[in-house]
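**Student:** I'd like to ask some things about the structure below.
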Amino acid sequence: MKIVDIRATTVTVPLEAPLRHASGAHWGRFVRTIVEVEADNGLVGLGELGGGGESAEAAVRGLRDYLVGHDPFALEALRFAIANPTASLYNNRIQLLAAIEFACLDLVGQHLNVPVYDLLGGKIRDEVEFASYLFYRTSNADGTGEVRTPEQLVAHATALKAEHGFTVHKLKGGVFPPEFELEGYRALAAALPGDRFRYDPNGVLSVAQARRFGEAIRDLHNDYYEDPTWGLNGVRQLRDIGIPLATNTVVVNFEQLATNVRDPAVDVVLLDTTFWGGIRACVKAAAVCETFQLGVAVHSSGELGIQLATMLHLGAVLPNLSYAADAHYHHLTDDIISGGKKSYVDGAIAVPTGPGLGVRLDRDKVDEYAELYKEIGGYPYDRDPARPGWYPLVPNERWADPAIAT
Ligand SMILES: [Mg+2]
């Protein structure tokens, strides 16, 4: 089998409401680039890349000369061919490598008529449990969807639990003053007794703020405290707080993982199939974590159905997956895979069992959402519509006003 062509299509898929976070917002939609890698036997492998537009499509197309003629089975060679770790281009290409790796695994799986999890050692679970991913939200144009007050937050979590069966809840914070978000987090824990919780301010708290917040939630049923402040050296100062510390920002490659083993800062590494450069890199990182008794979970960087499939295959094969995965997925209104959005049952999603990644494109949906991207574009995709002109600082000194309805 040889690669003969690569295609990239940027799509934008609407969210139920704009999601606010520490560095801005997902402004009512996700922008993703769908990658298709075609082989000489007519099979097409699927990948997905965060963000999009002409530059993303051009970056994918720019790999064409590297990849035409390449055997999709040769995955280690692929890593060095397009993201040699000693080359300065490595960091720029790691997410492209991930998208191409997804597609090559999909091609190999289809060619052999086996699911990707069988290429990764075989599944040890049939479904992957997910946390609800709770965001503060601004309202839609029709006034619906706002999540701001503790009461709205509890109502939102309760509705998601009723609909999808979540028993673990993650609050994405870093939007409002920490004492206001503390009120919301504690309200969630009070309203959902027996469930587990995690708080993630995306690293925008100072060490002192993060310590105060951590000490104020220590009595709750916390899975972990995620990126409470920025930097390995900042997070390391919080190791005595008494809550496991997790990250998807300061341990996202093997160098940082080695540093964290030699001089521990975090207890739980949130593995992202895109940030780490593919599903296989995450499996390797999980083995290092297993060796050094670090926890692992599956991170979400905002997925459509192709990336979700990579998260499900990863979650299926990790023996040391002791935490529920994260997904933004339930915030989407639709998906570009055939059969439409996947469903949660009791807070979990079934691992696809078809050949390869086990998902195929719904071409009409791809066309529809590629057209929508052309209409509305990408800017200002990551800015908070409730705060015109605002941009993030670390530590954040300019919180959103919790008294202002959005
Ligand atoms: Mg995070």
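**Student:** For the range 134-142, does any single residue satisfy the condition of being closer than 26 Å to Ala316 by Cα and either away from the ligand (no atom under 16 Å from the Cβ) or in contact with a strand residue (DSSP E or B) (Cβ under 8 Å, 6 or more places away or on another chain) (or both)?
**Tutor:** yes
**Student:** Filter the range 235-253 down to the residues that are more than 21 Å from Ala216 (Cβ to Cβ) and within 15 Å of the ligand (Cβ to nearest atom) and list them by number. Give the steps one after another, and end with the answer.
**Tutor:** The first filter runs over the range 235-253 and keeps only residues more than 21 Å from Ala216 (Cβ to Cβ), leaving 248-253.
Within the range 235-253, Asn248, Thr249, Val250, Val251, Val252 qualify.
**Student:** Here is a list of conditions, (1) part of a helix (DSSP H, G or I); (2) in contact with a Leu (Cβ under 9 Å, 6 or more places away or on another chain), and Gln209 meets all of them except one; can you say which number that is?
**Tutor:** Gln209 satisfies every listed condition except (2).
**Student:** Test each condition in (1) crowded, with 19+ Cβ neighbours inside 10 Å; (2) within 16 Å of the ligand (Cβ to nearest atom) for Gly231 and report the one that comes out false.
**Tutor:** (1)
**Student:** Still on this structure, please answer the following. Take the residues of the range 181-206 that are out of contact with any Ser or Thr (no Cβ under 8 Å at 6 or more places or on another chain) and in a strand (DSSP E or B): which is nearest to Val296 (Cα to Cα)?
**Tutor:** Applying the filter and picking the extreme gives Arg198.
**Student:** While we're here: All but one of (1) in a helix (DSSP H, G or I); (2) more than 21 Å from Phe80 (Cα to Cα); (3) away from the ligand (no atom under 16 Å from the Cβ); (4) not hydroxyl-bearing (Ser, Thr, Tyr) hold for Val283, so report the exception by its number.
**Tutor:** For Val283, the failing item is (2).
**Student:** If Tyr323 passes every condition in (1) buried (at least 24 other Cβ atoms within 10 Å of the Cβ); (2) within 16 Å of the ligand (Cβ to nearest atom); (3) not hydrophobic (A, V, I, L, M, F, W, C) but one, which one does it miss?
**Tutor:** (1)
**Student:** I need the full set of residues from the range 254-273 which are within 16 Å of the ligand (Cβ to nearest atom) and among the polar types (S, T, N, Q), in order please.
**Tutor:** Of the residues in the range 254-273, the ones within 16 Å of the ligand (Cβ to nearest atom) are 256, 260, 265-273.
Within the range 254-273, Gln256, Asn260, Thr273 qualify.
Taken together, the values in this text are just the output of simple stated rules run on the coordinates, not laboratory data. Keep in mind that this is a model prediction, so the values were computed, not measured. Reconstructed Cβ throughout: ideal geometry from the backbone, glycine too, with neighbour counts over all protein chains shown.
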